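Here, each number is a calculation from the coordinates, and none is a lab measurement. Given the structure is predicted, the values throughout are model-derived calculations rather than measurements. Because the Cβ atoms are built from the backbone with ideal geometry, glycine has one as well, and the counts that use them run over all protein chains shown.
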Amino acid sequence: MRILKPFTVLILILFMSCENDTKTINELQNIHSILKTTFAPDKRVELFDVHFEFADNQLILEGETTTKKVFSILLDSLKNRKLAFTNNVRVLPDSAVGDKHFAVARNSVINIRSKPKHSAELGTQGLLGMSLKVLDKKGDFYRVQTPDNYISWVDKGGITRMNKTQFDAWNQSKKIIFTQNFGYVHVDKSVNSEIISDITLGGILQYVSEDNVFYEVKYPDNRIGFVNKNEAVIYNYWLKNLESPKENIESIAKKMNGFPYLWGGTSSKGIDCSGFTKMVYLMNGFIIPRDASQQIYAGKTVDNNLTFEGLQKGDLLFFGRKATEDKKQRVTHVGIWLGNDKGEFIHASGNVHLSSINKKEPNYDEFNKNRYLGSKRYLNIEDEKIINMKKGIKL
């Protein structure tokens, strides 16, 4: 019986210790949750995943984040509580990618996936010449962040990695932008010469020289090729001389009529609903959020009464599940209002096509009209989520 007493005391101490450890972890998890909700609520554009555990009476922090500032707030909270801890959290980018924290897309279209494997869901796409921030590496895949801040994984074959000096040189160089839906870059000044690669609407290459018929161009991996001047234009000239956005939005949107639907697609090779609106605005000099559920939180709210009145050409229309007492609103689709007397909007569903909210029109879309959630105006609106490319792009 004498042996049982100290053993019981030991059990009690261990129990109290575990109880205190559990309480501490719960407190830290609550702090982490508040910080994440406040500063990094959308994992598609900002990572803040930190986990806590006790091992050998030592608090261990594991996880990864892309936001040093918020992580510093968390660390300060631990220090203020006088908690000793081991910090194993990775602040991305880190040593996994060395000093090459940037990349540029080297293929006509790069597929950027939700996980580092080819079978993973397609999250988004990038166009030839697109600048990327490189965050992490796993196998043959790199975790990258696109100019609209979307974070996902791309196969190493689709990009050329660069250090800051190389990346700055690429961004500051003179470029051309491809303005046709589809085309080719050739090895010589002839459309009958060997093809280096295909190129799609919005693709960008470095300018080298020109003659009356061709631009000589350079890829981010230093390949040299030639693009017909009827199919491209000097990037800065294009950006400076964009036509009236409202009219140009309609013409660019209709230029994509018939493009096939592809979940995660943002190119002329295949496009989803928000990829379509994103691409239309890109070719009008704006970088907007990637997904419909993100796009609805940018711009200025219009048509509060859901009557399709007061809308202007270029406004984004959102559709989905309306809010109920038990469930929140869920945005699942988006299109672009064309503002004509037919009540038409253009969207990607099955393929890119025009639909109408007018019952008298042959392309009347009763399904989407009945699930209309509201509209947002992006043109002539100051919003940090809508990047005007004329003002520069920062990664």
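With 20 Å bins beginning at zero, the pair-distance distribution over Cα atoms of the chain amounts to 24, 48, 22, 6, 1, 0 %. The residue 51 and residue 229 beta-carbon pair, evaluated with R₀ = 45 Å, returns a calculated FRET efficiency of approximately 0.25. For region 312-347 and region 113-164, write down the distance between their C-alpha centroids in whole Å. Comparing the Cα centres of region 312-347 and region 113-164, I get a distance of 30 Å. Value of Rg to Rh for region 11-91, rounded to two decimals, is 1.01; Kirkwood radius and Rg both from alpha-carbon coordinates. Residue-wise HN-Hα couplings along region 333-338, as the Karplus relation 6.51 cos²θ - 1.76 cosθ + 1.60 with θ = phi - 60° gives them from phi, are 8, 8, x, 10, 6, 9 Hz; Gly and Pro carry x. Comparing 202, 139, 225 in a Gaussian network model of the chain (Cα springs below 10 Å), the most mobile by mean-square fluctuation is 139. For the pair residue 119 and residue 165, label points projected 7 Å from Cα toward Cβ lie 4.3 nm apart. Taking only Cα atoms and a 10 Å spring cutoff, compute GNM fluctuations for the chain and point out the largest among 239, 311, 75. Looking only at 239, 311, 75, the biggest GNM fluctuation is shown by 75.
For residue 164, the aspartates and glutamates whose Cα comes closer than 20 Å to its Cα, not counting residues fewer than 8 places off in the same chain, are 94, 99, 136, 148, 221. Is there a pair in 133/175; 156/254; 115/327; 156/391; 328/394; 69/376 whose C-alpha atoms are over 23 Å apart, and which pairs would that be? Checking Cα-Cα distances, 156/254; 115/327; 156/391; 328/394; 69/376 exceed 23 Å.
Note on the chain: helix-only mean residue ellipticity at 222 nm, from DSSP H runs of 4+ residues weighted -39500 (n - 2.57) and normalised by residue number, equals -7500 deg cm²/dmol. Comparing 324, 332, 307 in a Gaussian network model of the chain where C-alpha atoms under 10 Å apart are linked, the largest mean-square fluctuation is found at 324. Assuming a viscosity of 1.306 mPa s and a temperature of 10 °C, what translational diffusion coefficient in µm² per second does Stokes-Einstein assign to region 240-327, Rh being the Kirkwood radius over Cα pairs? Answer, rounded: 110 µm²/s. Under the shape rule built on the C-alpha gyration tensor, where the axes satisfy a ≥ b ≥ c, region 173-240 is rounded, since a/c falls short of 1.5. Beta bridges per DSSP, both residues in the chain: antiparallel share near 90 percent. Averaging the sequence gap over all C-alpha pairs within less than 8 Å and six or more residues apart, then dividing by the number of residues, gives the chain a relative contact order of 11 percent.
Counting neighbouring beta carbons within 10 Å and listing from fewest to most, the residues 371, 330, 90 come out as 330, 371, 90. Its Cα gyration tensor gives region 93-169 an equivalent ellipsoid. The semi-axes, each the square root of 5 times an eigenvalue, are 18, 14, 10 Å from largest down. Applying 0.36 nm per residue to the separation of residue 190 and residue 95 and subtracting their alpha-carbon distance, the gain on full extension is 29.7 nm. Ranked by how many other Cβ atoms sit within 10 Å of their own Cβ, fewest first, the residues 175, 189 fall in the order 189, 175. By the count of neighbouring beta-carbon atoms within 10 Å, fewest first, 155, 383, 341, 188 end up ordered 341, 188, 383, 155. Shape of region 245-391 from the C-alpha gyration tensor: rounded (a/c under 1.5, with a ≥ b ≥ c the square roots of its eigenvalues).
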